[in-house]
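Working notes for the structure below.
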Amino acid sequence: MKIFAKNHYYNLEFKNSFQKLYKEVNNATLIIIDKKVYEILKNNLNRFKKKIIIIKASEKNKTIQTTLKIFKIFLSKKVKRDDLIVAIGGGIIQDLATFTTSIYMRGLKWIYFPTTLLAQADSCIGGKSSINFSNFKNILGNFYPPSKIIINTNFLKTLNDDDIRSGIGEIIKVHFLSGKNSINYLRSSLKKHKFNKTNLNRLIKNSIILKNQILKKDAEDKNIRLKMNYGHTFGHSLETATKNLIPHGLAVNIGLDMANFFAFKKNLITKKIYYDLNKIINLNLRKKDFKKINKKLFFSSLKKDKKNKRNFYGFILPYNFGKVDLFYYEMNSFNDEIINDYFLSIYHKRSISE
Ligand SMILES: NC(=O)c1ccc[n+]([C@@H]2O[C@H](COP(=O)([O-])OP(=O)(O)OC[C@H]3O[C@@H](n4cnc5c(N)ncnc54)[C@H](O)[C@@H]3O)[C@@H](O)[C@H]2O)c1
Ligand SMILES: [Zn+2]
């Protein structure tokens, strides 16, 4: 499949054998790999140990400090412009690999093997990097897609329930953006809880096709791609306000509900649409996902979102099934009250009842 970037396209392949991975690892100068994935593939990767950089995937490690450590290894291994870097892991490894390969010598060739549902269904395409800095989630970044992405869904077998549901969170976002048919398909597949291989494969492929259509029109977040931020304004603030206790895709999941609630209170969507979407969102959420919130941190993070303008919040909100746009609302107590109302009437209730 051809994936669109700004001035070119790159390839995405589905391969259900690990042979391709070992071949690319063999060709690579260095491999950046998630610690858990390394443990799983250890027997086959041990012989490449000297060129492997193992990183623990945690938001605390998605920092400039970690990128500096990677640059130091690039230097010590005498990496040159025509060397190949292979990255194997979820969204965190991807963000670190995108950032470091883009900066070092103004760009190294790299290949990406996404290993989480979130990365396979969503983050692997689009070419974005996002690094956390000074308590702000994803505040630094750029665009630098790999030359190739290879998806092997066998990686999903070792993910835990939270990681699967986190991936489903982004899958819900993409399907919500894509109209009624996609929403109906998503509802039935989540209701049946059919997270078997066939169903996950289909959800991944659907999500990539839908996201790629958006990338074709806007590769660099200038206009329509902003729609992919649906659920993220509130989601990032939830991550910040819980010190990253809510995994990214689940924070996006709750963030979608918050955006829909805000839209409903502003009469952009009807109560019926809000509750229809809320029921789908709830299929993927558990009581334990609603972690204790530091409201002060929540609002300070919300006020620093990249889409805001001066004294106005920039929210991606729905105005119908499958239709969203960027709306501006003044940062005042009236609008903050709607968000507080969400915490009181929905979030806190979910956190204590099942
Ligand atoms: N750059 C982008 O476009 C983009 C888009 C969406 C999300 N993101 C970022 O991606 C991150 C979330 O990505 P994620 O959910 O993939 O998280 P992650 O990379 O933290 O992985 C989640 C967990 O799964 C483990 N893991 C990875 N692969 C595994 C496997 N095959 N088997 C068992 N365990 C495995 C990891 O060690 C980690 O504990 C966030 O930081 C988010 O901001 C980036
Ligand atoms: Zn996301």
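Just so it is clear, none of the values below were taken in a lab; they were calculated from the coordinates. Given the structure is predicted, the values throughout are model-derived calculations rather than measurements. Cβ: placed from backbone, ideal geometry, glycine included. Neighbour counts: every protein chain shown.
Evaluate the relative contact order of the chain (contact order divided by residue number), counting alpha-carbon pairs under 8 angstrom at least 6 apart; express in whole percent. Relative contact order here is 15 percent. Take every DSSP beta bridge whose two residues both sit in the chain; close to 45 percent of them are antiparallel. Centroid-to-centroid, using Cα positions, the range 61-101 and the range 236-285 are 33 Å apart.
Relative to the longest principal axis of the Cα atoms of the chain, the long axis of helix 64-76 lies at roughly 10 degrees.
Over 29 Å between C-alpha atoms is what I'm after, so list which of LYS6/LYS137; LYS180/LYS216; LYS211/LYS306; LYS60/LYS197; LYS271/LYS295; LYS51/LYS197 land there. Where the Cα-Cα span goes over 29 Å, the pairs concerned are LYS60/LYS197; LYS51/LYS197.
To the nearest 10 degrees, how steeply does helix 248-265 sit against the main Cα axis of the chain, on a 0 to 90 scale? Relative to the chain, helix 248-265 is tipped by roughly 30 degrees. Size descriptors for the chain, from the alpha-carbon set: Rg then Dmax equal 20.0, 61 Å. Peptides 16-25, 276-285, 122-131 ranked from most to least packed, by the mean per-residue count of other Cβ atoms within 10 Å: 122-131, 276-285, 16-25. Considering only Cα atoms, the convex hull volume of the range 2-158 works out to 105 Å³ per residue.
Put a plus charge on the Cβ of each Lys and Arg, a minus charge on the Cβ of each Asp and Glu, and nothing anywhere else: the dipole of the range 30-80 about its Cα centre is then about 280 debye. In a solvent-free Debye calculation with one equal scatterer on each Cα, what is log10 I(q)/I(0) for the range 161-352 at q = 0.07, 0.11, 0.12 Å⁻¹, listed in the order of the q values? Values, matching the q order: -0.18, -0.45, -0.55.
Peptides 87-98, 141-152 ordered by packing proxy, namely the average of other Cβ atoms within 10 Å per residue, highest first: 87-98, 141-152. Between helix 35-45 and the chain there is an angle of about 30 degrees, using the helix long axis and the longest principal axis of the Cα atoms.
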